[in-house]
Structures are given as C-alpha cells and as structure tokens.
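Have a look at the structure below before the remarks.
The values are calculated or read from the model by the stated rules, or taken from the named source; none is laboratory data. Since the structure is predicted, the reported quantities are computational estimates derived from the model, not experimental observations. Positions of Cβ are generated from backbone atoms using ideal geometry, with glycine treated the same way; all protein chains shown enter the neighbour counts. Accessible surface areas use protein heavy atoms only, side chains included; no ligands, DNA or RNA. Shrake-Rupley method; radii C 1.70, N 1.55, O 1.52, S 1.80 Å.
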Amino acid sequence: MFNDQKVSFSGVQPSGNLTIGNYLGALRNFSTYSEKYKTFYCVVDEHAITVRQVPADLRRRTYETLALYMACGLDPAKNTLYVQSHVHEHAELGWILNCFTMFGELSRMTQFKDKSVKHADNINAGLFTYPVLMAADILLYQTDVVPVGVDQKQHVEICRDIATRFNQLYPDTFTIPEPVVAKTGMKIMSLAEPTKKMSKSDENSNAVVYILDDRDTIMRKFKRAVTDSDSVVRYAEGKDGINNLMSIYACFTGKTFEEIEREFSGLGYGAFKEAVGQACADALAPVQEQFRTFMADKAMLEEQMKKGAEEASWYARRTLSKVQKRLGFTQFR
Ligand code: TYM
C-alpha cells in the first residue's frame, strides 16, 4: 500500500522467448489491476544473469519483453513499466535483505534445486540468493498483490517470511504481499512431456508454444502434442496431456471443462487438437500485431523505459530510505 493505494507488482525474466505459460499464468492477468491498483511491471534483467546470457540476446529480449507487456494491454500511462537494472534500489535492498534471510530457508527453494541440476557447472551465489532479489523487487513498492504462475508462489512466500521477520525487528516497514495465482493457467505443461512445466528454456522447441509463434507453427505444435491411447476428451487423472490441452483451451475460450467435454464428445483427439491450436492462434494474433508495431519504434520503447524507471525510482527511493534509517545507516541531504 502506497499513499492509500493498493499496489500490484510482478516481473518477467528476459531470459528466453516468452511462452503461452508466461502469457496465461502471468502476463495476461497483469492488466486486470490497472484500474484500481498502482501497478508496477518489471523486466527483471538482473535475475536473468543468474544463468549465462549472450549479451546481444539479453538486450534484444529486454526490449521485446517491454513491447510484449504493452502488447498484452498494459498502457504505460496507467502502469509503471520498467527494467530492473535501471532502478539501482533493487540491488541495494537485495543486499540488505540478504542479511535477513537464512541459508536454510534458501536451501529449500525448489527452483534453486532444479536449476542447480540443470546448470551444474554454474551454481553461483546469485542463483542461490535469487529469491532475495525477488523479495526486494516486491517489497520496494509496498506491494499488496503479486500475480504469478504457481511455480513462483514459493518465492512470494519466502518474501512474506523475510518481510515479517524484518517488520518484527523494525515495525511497520513493509507491506506483506499476497501471491495471486489464476485458477486456470497457473501451470501450463510441456506439450512433449506433460508432467513437466512449459518453460522458455526448454531445448525442445516443439514442447513449447511461444507467444510469437506464427499460426502454422502453433497448429503443428498442438497437432504433435503428446496425449494418451484413449480417445475421449475428458479431464481425468493419468491423462496429463489431455488435461493440459483442456486447460489451455479453457484459458483461451473461457469454457468450463464440462463444456469442453460436451463439445468434443465423439469427435476424438484430432479435432480437439485442431480447435486448441485455432483458439490459441486467434487469441495471440492481436498481441503479435501490437508487438510488431511497438518493436518497430525503438525510440518509443526507450522513452517508455526512461519514464518507467523515473516513476519506479521515486517509490523505490522512499522505501529504501525508510529501511536505511531504521537500520541506523547515516544519511545527509
Ligand atoms: P519467469 O520469467 O520464469 O516467468 C514469468 C511469469 O510466468 C509464469 N509462468 C508460468 N505460468 C503458468 N504456466 C507456466 N508454464 C509458466 N511458466 C512461467 C511465472 O510463474 C511468472 O509469474 N522469478 C520470476 C520473475 C520475478 C518476479 C519478481 C515475479 C522476479 N522478480 C517479483 C513476481 C514478482 C520468474 O523467473 O518468472
């Protein structure tokens, strides 16, 4: 809460091409807060370097992520859209919060365990303290709600623990944030291995539908999606592939599982996959068109980055200064 206004904050890493998991689990929900909340949506480039990045790719994806925010309906006049490294208070509060976060609690983070296996040659300290920087992102803006996919819920929970611990020592410093996980779309699974989360870093591009895939590619990927030997479209245990396709279709059409089961009764998987592909391509077409328009105007994107950083810095400075005072850091005007 900032000046009696509730705050929504979220972030996306520019670490790969964004997927329909990012879109359905997070991005498309961000704009629902624009009217009633003060909203901050950040491109978290500092988080992205916890795994090695090619500099030119990181730079391009940072622009692309900002353009996608706007293409997903986030008007920069109503939402503060900015890049994490442009607001140095994130890293500074991150350091302070490191001193209020326990080794044991970071060791329990499932994303750290997964990424340590995947990047066994680069288990750096940043990968380990990743959730602390994320807590700094959220707490700097006195955030009330954090719209995220289910995989980030644990990180918002540790952020709450850190903020509660800090507030016990230094009362009324931070607002305690709530994770908000959408009912449908909270965890979109891989099309090739439907027990695994769809991830932008998956090496098998057929397992992942990217927001910017063209219609033919989307249709082909859904056609190849792994299902089961049954042929009835129904949501049930053990039918991970079909359950995932039903969730995706439900997200894009707003239909319930019962409605979907009725719609495809007697039709088999081929017709169902075709319909999922069409619904996905139809929904993404206007986003892609807007994205292309925004990407063609780099000067406008840079202007937005600058404006967003200035807006965010104002809020970030206030919280950081409050924290520094409480800790006993000396300050002068
Ligand atoms: P990232 O970049 O991995 O993902 C961005 C958002 O997309 C959601 N998401 C999914 N939702 C449903 N199904 C999927 N398959 C799927 N894959 C990704 C994520 O849950 C996330 O909401 N640590 C964060 C970025 C971050 C952040 C923050 C988020 C940094 N600071 C502060 C919120 C608040 C991350 O890596 O997201």
*Which helices pass in the chain if a helix is a full DSSP H run, must span at least 18 angstrom along its long axis by Cα, and must have mean Kyte-Doolittle hydropathy not below 0.0?*
125-140, 240-253, 268-295
_Surface share of carbon and sulfur [accessible, 1.4 angstrom probe, percent] for region 228-333_ = 49
*Dipole of region 192-333 (Lys/Arg Cβ +1, Asp/Glu Cβ -1, origin at the Cα centre): which of ASN243, PHE291, GLY328 lies farthest to the positive side?*
GLY328
*asked:* How large a share of the accessible area of region 79-172, in percent, is made up of carbon and sulfur atoms when the probe is 1.4 Å and the other protein chains stay in place?
replied: 59
_At a 10 angstrom cut-off on C-beta neighbours, averaged per residue, how do the peptides 3-9, 37-43, 141-147 rank from highest to lowest?_
37-43, 141-147, 3-9
_What is the sum of charges, Lys and Arg at +1 and Asp and Glu at -1, for the other residues whose Cβ falls under 12 Å from the Cβ of LYS239?_
-4
*Out of SER229, SER15, SER116, any idea which swings most in a Gaussian network model of the chain, alpha carbons joined below 10 Å?*
SER229
*Under a plain spin-label model, where a point goes 7 Å from the Cα along Cα-to-Cβ, how far apart in nm are THR330 and GLU105?*
3.2
_At 1.4 Å probe radius, can you tell me the per residue accessible area of the chain in Å²?_
47
*Count the net charge of all other residues whose Cβ sits under 15 Å from the Cβ of ASP161, scoring Lys and Arg as +1 and Asp and Glu as -1.*
+1
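Per DSSP helix of 4 or more residues, -39500 (n - 2.57); summed, then divided by the residues of the chain. What does that give at 222 nm, rounded to the nearest 500?
Value at 222 nm, helices only: -16000 deg cm²/dmol.
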*Mark the label point 7 Å from the Cα of ASP114 along Cα→Cβ and return the residues of region 150-182 whose backbone N is within less than 20 Å of it.*
150-160, 179-182
*In what sequence, highest mean first, do 248-254, 48-54, 129-135 appear when ranked by Cβ atoms within 10 angstrom?*
129-135, 248-254, 48-54
